[in-house]
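Take a look at the structure set out below.
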Amino acid sequence: MIFGRENELAALNDLYEKGEFQFAVIYGRRRVGKTRLIQEFCQDKKSVFYVAIEQNDVEALRQFTEVIKQSFQQDETLAFIDNFQNWDAALRFVANKAKSEQIVLVIDEYPYLVNSNKSLPSQIQKLIDQVFKKSQLFLILCGSSMSFMENEVLNYKSPLYGRWTAQFKIRPLDYFDSIKILSRWKPIEQLYGYAVAGGVPQYLLTLADHSNFRNAVTQSILNPRGILFEEPMNLMKQEMREPAIYNSIIKAIASGASRQKDISDAIHEDSKKIANYLTALIDLEIIEKQYPLDAPDRKKVIYRLKDNLFAFWYRFIPKALSLIEMGFAEETYEKMIEPYFSDYFGYIFEDISTQYLLRKNREKKLPQVFHRFGKWWGQDPIKKTAEEIDIVASNDHMALFAECKWRNQKMSLRVFETLKYKSQLTQKNKDKIYYLFSKSGFTMDLVRLQNNDLGLVSVDDILNV
């Protein structure tokens, strides 16, 4: 079963139904489910599925030849071919087969192939123009290196620029689809699982192998032999040349540093020097930039962790490594994670609440359709205090403001009154509506106020969208 990729799968099948040459570029971060999506697409189709690895060009071509032989076992001419002489000959062979029937040719981890043969993009360009377009070939180039795929495949300087018929950037699942993978758990634990694994299918499936949230964390992350114990560190080693600096930056952000100067002070590196490191982490979608919604001052940028596993790991694991290495997984969970998890989850709850509103917005179930979503922070000119609003959405005529509280007491009227006051500091001259998200429900005076201008959203509402 595949979760949350129905739109991408439908789009691929629509292209296939045209019965003519297609070229799809599929890319996204590691573990996000690209290969699984392609496998689902190919399962009822004639296909050649080649997965590249880091090796020299001669060995890569030999393995590609073997994949072709396995895919066309009925072709007697292949018995006389030990190895195709070059990539042009190998790719032409598949294209010739695709003149009489539709064939899907998948080259997964395409960047590895190009690293061993720099001329390959130009060769594929020539073949597309002269051979592939006259066939029913469905070419898929897939890669996990997002910078490579964007710069060397999709960029206008690439030989392949403008030749693809579709491109798919595969992103992590939202919480709606993520919690389906954790359906055996208690509902609240499904949200906790999302808070740890984010929407990365492979991480979620790893957690789902365990009976509940606590077991999943203690056995998958707080265990030196756990599948996710070294995952963030290994990803840094694979993707970055200086993992130590990147690790320090991520740890600083996970610990609360959000502005570039605060991050540089925390890791004792020059602020200008870390700018390129921050950009690289943004490209990997580990961190993201945030600005106050519609703020004219772009200097107010802050950085936050976008990947939940990295956020969880760097928030808790570095301080607990000694205990974990000694085999004290349960003690680590009880003393170093459980007492502080609600505080950690508070920010995740804001993200989940935003996703809830975004889905309602797509379904046109909010009072109006909003064009922009984000957060807001700034100064109160009267009180001379720094203020923040968890969620702000706007269009030309209306603004939506939301407050999210992950607390063990019911949300009170005072929270609503404070939100209304802060909403006067931004999005002025617009009609205003409000939403309140609460872990523990709402006091009766708030419930009595609920109307078209005030929405109250409980955890049950979030889980049952």
* Structure fact -> Of the residues in the range 420-450, those that are among the polar types (S, T, N, Q), open to solvent by 40 Å² or more (accessible area, probe 1.4 Å) and closer than 19 Å to PHE370 by Cα come to GLN424, ASN429
* If ASP270 passes every condition in (1) assigned to a loop (DSSP other than H, G, I, E, B); (2) within 26 Å of GLU330 (Cβ to Cβ); (3) at pLDDT below 95; (4) not β-branched (Val, Ile, Thr) but one, which one does it miss? -> (2)
* **Matching residues in the range 276-321 - criterion: being of a type in the set (Val, Ile, Thr) and over 24 Å from TYR333 (Cα atoms)** => THR279, ILE282, ILE286, ILE287, VAL301, ILE302
* Asked: within 27 Å of GLU387 (Cα to Cα), in contact (Cβ under 8 Å) with a residue 40 or more places away in the chain, out of contact with any Phe, Trp or Tyr (no Cβ under 6 Å at 6 or more places or on another chain) and buried (at least 19 other Cβ atoms within 10 Å of the Cβ): does that describe LEU305?
  -> yes
* Which one is nearest to GLY199 (Cα to Cα), of the residues in the range 9-35 that are open to solvent by 40 Å² or more (accessible area, probe 1.4 Å) and at pLDDT 95 or above? -> THR35
* THR35 is checked against (1) closer than 14 Å to LYS169 by Cα; (2) free of Cβ contacts under 8 Å to residues at least 40 places away in the same chain; (3) of a type in the set (S, T, N, Q) and fails just one. What number does that condition carry? -> (2)
* Asked: Here are TYR246, TYR192: which of them is within 30 Å of ASN464 (Cα to Cα) and either of a type outside the set (A, V, I, L, M) or open to solvent by 70 Å² or more (accessible area, probe 1.4 Å) (or both)?
  -> TYR192
* Asked: Which one of these is of a type in the set (Phe, Trp, Tyr), open to solvent by 10 Å² or more (accessible area, probe 1.4 Å) and closer than 30 Å to ALA195 by Cβ: PHE80, PHE93, PHE168?
  -> PHE168
* Just checking, how many residues over the range 382-398 are in contact (Cβ under 8 Å) with a residue 40 or more places away in the chain and acidic (Asp, Glu)? -> 1
* Asked: Only one of GLU388, GLU350 is touching a helix residue (DSSP H, G or I) at 6+ places or on another chain (Cβ under 9 Å), under 24 Å from LYS289 (Cα atoms) and open to solvent by 20 Å² or more (accessible area, probe 1.4 Å); which?
  -> GLU388
* Only residues that are open to solvent by less than 10 Å² (accessible area, probe 1.4 Å) and of a type in the set (A, V, I, L, M): list them for the range 391-410, please. => ILE391, VAL392, ALA393, ALA399, LEU400, ALA402
* Single residue of the range 358-371 satisfying the filter (within 21 Å of PHE176 (Cβ to Cβ) and either in contact with a Ser or Thr (Cβ under 8 Å, 6 or more places away or on another chain) or β-branched (Val, Ile, Thr) (or both)) that is surrounded by the most Cβ atoms within 10 Å (Cβ to Cβ) -> PHE370
* Asked: Does TYR303 satisfy the criteria of being out of contact with any Gly (no Cβ under 9 Å at 6 or more places or on another chain), in a helix (DSSP H, G or I) and either at positive phi or not polar (S, T, N, Q) (or both)?
  -> no
* Working only within the range 273-298, note down all residues that are open to solvent by 50 Å² or more (accessible area, probe 1.4 Å), modelled with pLDDT under 90 and either polar (S, T, N, Q) or closer than 15 Å to ARG30 by Cα (or both). => ASP283
* Matching residues, the range 194-237, being part of a helix (DSSP H, G or I) and acidic (Asp, Glu) -> GLU231
* To do: From (1) touching a residue at least 24 places away in the same chain (Cβ under 8 Å); (2) farther than 30 Å from ASN212 by Cβ; (3) hydroxyl-bearing (Ser, Thr, Tyr), pick out the condition that doesn't hold for TYR192.
  => (2)
* How many residues are over 20 Å from the mean Cα position of the chain (by Cα) and either closer than 28 Å to PRO292 by Cα or crowded, with 16+ Cβ neighbours inside 10 Å (or both) when one looks only at the range 222-242? -> 3
* **Filter result for the condition that a residue is surrounded by fewer than 23 Cβ atoms within 10 Å (Cβ to Cβ) and of a type in the set (Gly, Ala, Ser), over SER183, SER178** => SER183
* Would you confirm whether any residue within the range 260-269 is within 25 Å of ARG29 (Cα to Cα), over 21 Å from the mean Cα position of the chain (by Cα) and open to solvent by 20 Å² or more (accessible area, probe 1.4 Å)? => yes
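The values are calculated or read from the model by the stated rules, or taken from the named source; none is laboratory data. For clarity, every value in this text was computed on a predicted model and none was experimentally measured. Virtual Cβ from ideal backbone geometry, glycine too; neighbours counted across all protein chains shown. All accessible areas refer to the heavy atoms of the entire protein, side chains included, with ligands and DNA or RNA removed. Shrake-Rupley method; radii C 1.70, N 1.55, O 1.52, S 1.80 Å.
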